[in-house]
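Novice: I am attaching a structure below and will ask some questions about it afterwards.
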Amino acid sequence: PPVPPSRGPKGADPAERAERRALSHAKWLALPIDDDPAAPKHRRPFAALTWQEEAALDPGWLRPQRCAGLLKAAGQNRVLRLWALAESGVDVDGVNECGETAAMVAARLGHADALRVLAWAGADLGKPAHGGYTPLSAARAHAHTAVLVVLREN
């Protein structure tokens, strides 16, 4: 797989980003919502993993698991994990119980690199959380200048 972008998608074709987002969302929609106890469990034999394999390890077999993983990766600035989730299929605009998207979490915590990957994946960087707060307002409130630069570029 290609290496995720190290710089923002400045100048990236909007149609390409929309296509990437739609493809990821279609993969995510194909996942089950609830666990089927009769379904076979996926197990991997023990082995050392490359950094690419570690980032893509167990993205979750259910939609809620993938959304939770995306929000967690955004909060921890795990860029490769975000990229792997976007490639394997996830709703990049999925929300937590507060209505926060992964972009909102990354902006609030000052994770500019995570925000760049989310922009690359086609996430809506202006989607407000419950209460009307946006990633831009969160970045301004916490004075995260690197995040403000990424938001301005996109």
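Since every read-out is calculated from the coordinates, none of them should be taken as a lab result. Small disclaimer: the values here were computed from a predicted structure and weren't measured. Quick reminder, even Gly has a Cβ in these numbers, built from the backbone with ideal geometry, and neighbours come from all protein chains shown.
Novice: Here is a check on your reading of the model: is Gly126 touching a helix residue (DSSP H, G or I) at 6+ places or on another chain (Cβ under 9 Å), free of Cβ contacts under 8 Å to residues at least 24 places away in the same chain, within 30 Å of Leu62 (Cβ to Cβ) and surrounded by fewer than 22 Cβ atoms within 10 Å (Cβ to Cβ)?
Specialist: So Gly126 passes the test.
Novice: How many of the residues in the range 96-113 are among the acidic types (Asp, Glu) and assigned to a loop (DSSP other than H, G, I, E, B)?
Specialist: 2
Novice: Let me ask something else. Any residue at all in the range 100-117 that's of a type in the set (S, T, N, Q) and farther than 19 Å from Arg78 by Cα?
Specialist: No, the range 100-117 has no match at all.
Novice: Only residues that are over 15 Å from the mean Cα position of the chain (by Cα) and assigned to a loop (DSSP other than H, G, I, E, B): list them for the range 114-154, please.
Specialist: Within the range 114-154, Pro128, Ala129, His130, Gly131, Gly132, Tyr133, Thr134, His142, Ala143, His144, Asn154 qualify.
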